[in-house]
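Quick notes on the structure that follows.
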Amino acid sequence: LRYCFFTGNPNNGGTDSIRSYTFTLPANLPGTDHAIFAWTWVNAVGNREFYNNCGDIAIKGSAGSYTGKKMTIANYGAGYPTIPEFIGNYDTGISYYTTNTEQVTVNGAGYSGSPIPSSAPSSSYFTSAIG
């Protein structure tokens with residue numbers, strides 16, 4: 001989380017070489033044919049900007065609900081935290097991503113196996129099994 005594409009702290013020899021990540025969705029996440037997988041980050045140097053990426057996904061599983069950490073939003077304006085430049089100090093602002101206690105509940109109707117719409121670009125869709 002702190003070093004994103006780096007193998008470790010770049011100040012201690014970490015190299016910019018990580019291009020894929022493996023993660024596990026919570027086992028009790030409800031299944032759904034259509035969900036949005038989103039992630040956010042802020043830049044280390046320059047204008048204080050907030051970035052967001054997302055992709056449409058299907059989650060194999062049964063119907064239900066899940067309560068978890070709300071997505072972090074920073075450097076967005078009034079009412080949101082501002083994370084300053086963190087040149088070399090990769091712990092700056094990390095608490096907004098790790099200790100944010102705001103919760104959100106999502107509901108899923110269950111995965112039916114419906115195909116992803118053919119009009120959508122195939123590279124933007126992912127299917128993930130929970131476990």
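Please treat every number below as a calculation from the coordinates, not as lab data. The shown structure was predicted, so the numbers you read here are calculated from the model rather than taken from an experiment. Reconstructed Cβ throughout: ideal geometry from the backbone, glycine too, with neighbour counts over all protein chains shown.
With a Förster radius of 22 Å applied to the beta-carbon distance between residue 20 and residue 105, the computed FRET efficiency rounds to 0.15. Cα centroid separation, segment 1-58 to segment 69-84: 16 Å. Under 5 Å from the amide H of residue 82 lie the amide H atoms of 75, each residue being 5 or more positions distant or on a separate chain, with H modelled from the backbone and absent for Pro and chain starts. Principal axis analysis of the Cα atoms in segment 25-116 yields extents of 46, 26, 25 Å, listed in decreasing size. Site pair residue 67 and residue 47 shows an inter-label distance of 3.9 nm when each label is modelled 7 Å from Cα along Cα→Cβ.
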